[in-house]
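Read the structure below first, then the notes.
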Amino acid sequence: GAGVSQSPSNKVTEKGKDVELRCDPISGHTALYWYRQRLGQGLEFLIYFQGNSAPDKSGLPSDRFSAERTGESVSTLTIQRTQQEDSAVYLCASSFFAQGGYQETQYFGPGTRLLVL
Amino acid sequence: GIQVEQSPPDLILQEGANSTLRCNFSDSVNNLQWFHQNPWGQLINLFYIPSGTKQNGRLSATTVATERYSLLYISSSQTTDSGVYFCAVRGIRGSTLGRLYFGRGTQLTVWP
């Protein structure tokens, strides 16, 4: 089936505006993850969902960041009052998730490139 | 959290050469993945290898979980192998479940 899809591919916004980033996971994947990658850096974890609950949101950098997920489907990451330091690639991944997680592989989408002017 | 260290940070090779990339991690894991990030930023799964050895064409990987390291071997490198190689792990403890912890990557450049 199709892979993880994300929209928009690119987003340019002005400082102070709100943005919404969307992720459509692989059909049937129960777990969904958001990561951020700044230029030239590794990936930093933001939040993950098991179903529509978020057991770990400890990576969200501030209360300007929030995320929600509808059932075991699409997720939206919202950044309010964007700042220039929010500029990065936002990557979404999905996987099956078994307790103990011995057989899950995370598959990544192409990312949304966010530029805050 | 789990610390993931990758070495070397940069690697420059002539086409046809072999290379070994290393990933050390600081705690027990039940998921280890190697990724290749291409020039367009897409993360491509190479291996899911929490333990043991796997091979896929010119690439192979070995994870020694008890000693907390993994190695990625690239043989007969090609220019299309260029990009950043990331190692990522998932822990077994409650506070480290769910997320993948990423290393900073190895930037590989293969010259023709």
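Could you grab me the full set of residues in segment A:47-69 that are open to solvent by 30 Å² or more (accessible area, probe 1.4 Å), more than 14 Å from chain B (Cβ to nearest Cβ), under 14 Å from the mean Cα position of the chain (by Cα) and not charged (D, E, K, R)?
A:52, A:61, A:66
Within segment B:81-112, work out how many residues are under 12 Å from the mean Cα position of the chain (by Cα) and part of a loop (DSSP other than H, G, I, E, B).
3
Out of (1) open to solvent by 10 Å² or more (accessible area, probe 1.4 Å); (2) over 15 Å from the mean Cα position of the chain (by Cα); (3) more than 26 Å from residue B:36 (Cβ to Cβ); (4) at pLDDT 95 or above, what's the single condition that is false for residue A:76?
(2)
Tell me, which residue of segment B:49-71 that is part of a strand (DSSP E or B), open to solvent by less than 40 Å² (accessible area, probe 1.4 Å) and in contact with a Ser or Thr (Cβ under 7 Å, 6 or more places away or on another chain) is farthest from residue B:28 (Cα to Cα)?
B:60
Here are A:117, A:43: which of them is out of contact with any helix residue (DSSP H, G or I) (no Cβ under 6 Å at 6 or more places or on another chain) and at pLDDT 95 or above?
Unique residue meeting the criteria: A:117.
Report whether or not residue A:28 is on the phi > 0 side of the Ramachandran plot, touching an Asp or Glu at 6+ places or on another chain (Cβ under 9 Å) and either surrounded by 15 or more Cβ atoms within 10 Å (Cβ to Cβ) or assigned to a loop (DSSP other than H, G, I, E, B) (or both).
In short, yes.
For the subset of segment B:91-112 comprising residues that are at the interface with chain A (Cβ under 8 Å from one of its Cβ atoms) and free of Cβ contacts under 8 Å to residues at least 40 places away in the same chain, which member is nearest to residue A:92 (Cα to Cα)?
Filtering first and then ranking leaves B:99.
The values are calculated or read from the model by the stated rules, or taken from the named source; none is laboratory data. Source: prediction; values computed, not measured. Note that each Cβ is placed from the backbone with ideal geometry, even for glycine, and that neighbours are counted across all protein chains shown. Surface accessibility is based on the protein's heavy atoms, side chains included, excluding ligands, DNA and RNA. Shrake-Rupley method; radii C 1.70, N 1.55, O 1.52, S 1.80 Å.
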